[in-house]
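For reference, the structure is listed below as structure tokens.
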Amino acid sequence: MSYRMLIDGALVDATATDDVINPATAEPFEKCPRATAEQVDQAVAAAVRAFPAWRKDEAARRRVLNECATAMQARATDLGTLLSQEQGKSLEQAIGEVFGASMWFAGYAAMDTAPEILQDDDDKRIQVIRKPLGAVAAITPWNYPIILLIFKLAPALLAGNTVVAKPSPFTPLSTLLLGEILKDIVPAGVLNMVTGGAHVGAALTEHPDIRKISFTGGIPTGKRVMESAASDLKRVTLELGGNDPAIVLEDANPADVAEGIFWAAFQNSGQLCMAIKRLYVPENLHDPLVEALAEQCRSVKVGGGLEEGTQLGPLNNKAQFDTVRRMVDDAVKDGASVAVGGEPLSRPGYFYPPTLVTKARGGMELVDEEQFGTALPVIRYRNLDDAVRQANDSHYGLSASVWTSDVARGEAIAREIDAGTTWVNQHFDVNPLAPMGGFRWSGIGRENGRWGYEGFTEVQVLSTKK
Ligand code: NAD
């Protein structure tokens, strides 16, 4: 099958292609078009042309969003299979991602966008109106290629913007298949999809006709995106990396919390912006909790995404595999111990089993930076204030969690942590109505809920003297 880009309502090829690698084999399994600069220009021009008609009819936009949700659900198995092949996650999780994403289309289709009324009396009516921005760029990473794209498309389209989307070159095919599925639902030019790497991303972010960049990816790229937005003051939303701390309080029961912590750290093989990436454990619970987590690590089935029973797939690409491996090896050289895992599986593909690293501490890269993979450092603490200080001592600030049998105390500690989301006795519970985004270098702006919608709008005050 050949995958094509969506430009101005037509599926188009490119003269050059890039290999897409199956992470379960480390072998190329498909080709993906590499957009030329002219094709990026054509996609932006189509989005600009489509904008005036698309912005006019909100009821029609809501209908389109609902149709998008239905069409995605009808093709969830095809989309999920391709997503599993190119990303590495299990088929079940890939199909779940597609269904979850479709709910964002349906949810935004039903969102109340009525103007806010600030004053309405005999003298005046003052309303706050939300207006679309124009042609916007949606740039996405490789860990959740479908749902992270829909986090952008659904509110952008509801608000009346037109979109040029660019997926990661590691996972472009599911986005292209989605383009094919939505082609006859969304009017020509309203949604365009171009593929390629950094050059294509940069061509989009520098394009003078793009009015907003909604970007999800790494911090270094996010900074480059912001620089390229500066010259013509494009709006930006940046959803960037995380290094989420989880703090276990000394009153927690290891048997109760181990499974939740395990899945929050290792879901999607740890390739999750909001995964637990450092675990702070009090002295009294250290050994039983490490043992309970190690048991989870040993019992989980690691395998190819399409293999029967797989719970954790491979890492997505060689660079990520090498990063995780290096961070664990360096931590061990620096005095840490591996409680379980610590060596790649001896099979083709980027398989690194769930790994627990004890005797970890600040100063190790595995603790201070984002590993984005199947390795969790465990840091002992004696003093809770000091654990909270360490949790906050970071340029990341995406999310965090506190684990305890005393919920009120958990909430009090959670409030002390500087992060866009803080959870108690759970982690990574993303709600479509709740704003998602980070403090500090983890991002700018918020996605989801009304905040996600507002991010794709300008505010206009309409003030009428009666
Ligand atoms: P990345 O920054 O390497 O790439 C992200 C996207 O940007 C890709 O589509 C890439 O092709 C494109 N790109 C690269 N250079 C560009 C440039 N100069 N201009 C414009 N676009 C460019 O990130 P990644 O490795 O694909 O994803 C992993 C990162 O994403 C992790 O740090 C993870 O935490 C983060 N992430 C954040 C969230 C969140 O919501 N905060 C969600 C998922 C992933």
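Worth a mention:
- Net length gained if the chain between Phe99 and Ala198 were fully extended (0.36 nm per residue, minus Cα distance): 32.7 nm
- Spin-label model, Asp287 to Asp334: label points 7 Å out along the Cα-to-beta-carbon direction sit 2.7 nm apart.
- Residue-count net charge about Thr323 - beta-carbon cut-off 13 Å; Lys, Arg +1, Asp, Glu -1: -2
- Per residue, the convex hull spanned by the Cα atoms of the range 420-465 measures out at 113 cubic angstrom.
- If R0 is taken as 35 Å, the Cβ-Cβ distance between Asp120 and Ala53 corresponds to a FRET efficiency of 0.65.
- FRET efficiency estimate (nearest 0.05) - Cβ-Cβ, Asp112 to Val300, R0 51 angstrom: 0.75
- On full extension, the segment bounded by Asn392 and Ala10 gains 132.7 nm, given 0.36 nm per residue less the C-alpha separation.
- The range 244-424: antiparallel DSSP beta bridges as a percent of all, rounded to 5: 15 percent
- Value of D in µm² per second that Stokes-Einstein yields for the chain, Kirkwood Rh from Cα pairs, at 25 °C (0.890 mPa s): 107 µm²/s
- All Cα-Cα separations within the range 193-290 were binned at 10 Å from zero, giving a P(r) of 14, 32, 20, 17, 14, 4, each value a whole percent of the pairs.
- Model label zone, Thr464; criterion: amide N under 20 Å from point 7 Å along Cα-to-beta-carbon; scope the range 81-122: 113-122
- Subtracting the Cα-Cα distance of Asp232 and Gln426 from their residue separation scaled by 0.36 nm leaves 65.7 nm.
- Cβ-based net charge around Pro353, under 13 Å, with every Lys or Arg adding one and every Asp or Glu removing one: +3
- Whole-number percent relative contact order across the range 244-424, with pairs defined as alpha carbons under 8 Å at least 6 apart: 28 percent
- Here, the range 244-424 is characterised by an Rg to Rh ratio of 0.95, where Rg is the alpha-carbon radius of gyration and Rh the Kirkwood radius.
- Surface per residue (accessible, 1.4 Å probe) for the range 244-424, Å²: 38 Å²
- Shape class of the range 72-198 from the Cα gyration tensor (axes a ≥ b ≥ c, square roots of the eigenvalues): prolate, since a/c reaches 1.5 or more and a/b is larger than b/c.
- Solvent-accessible area of the range 267-398 (1.4 angstrom probe, protein heavy atoms only): carbon and sulfur portion equals 46 percent.
- Among 336-347, 116-127, 360-371, sorting by the average number of other beta carbon atoms lying within 10 angstrom of each residue, highest first, gives 360-371, 336-347, 116-127.
- Accessible surface calculations at 1.4 Å, restricted to protein heavy atoms, place the range 131-226 at 24 Å² per residue.
- Cβ-Cβ FRET estimate between Phe29 and Glu180, R0 fixed at 22 Å, reported to 0.05: 0.75
- Each label was represented as a point 7 Å from its Cα along the Cα-to-Cβ direction; for Ile129 and Thr77 these points are 4.8 nm apart.
- A simple spin-label model places pseudo-atoms 7 Å from Cα toward Cβ; at Thr70 and Lys223 they are separated by 4.8 nm.
- Accessible area per residue was computed with a 1.4 Å probe on protein heavy atoms; Arg446 scores about 70 Å².
The values are calculated or read from the model by the stated rules, or taken from the named source; none is laboratory data. Being a predicted model, the structure only gives us computed values, none of them experimental. Counting neighbours? That spans all protein chains shown, and the Cβs are built from the backbone with ideal geometry, glycine included. SASA here: full protein model, heavy atoms, side chains in, ligands and nucleic acids out. Shrake-Rupley method; radii C 1.70, N 1.55, O 1.52, S 1.80 Å.
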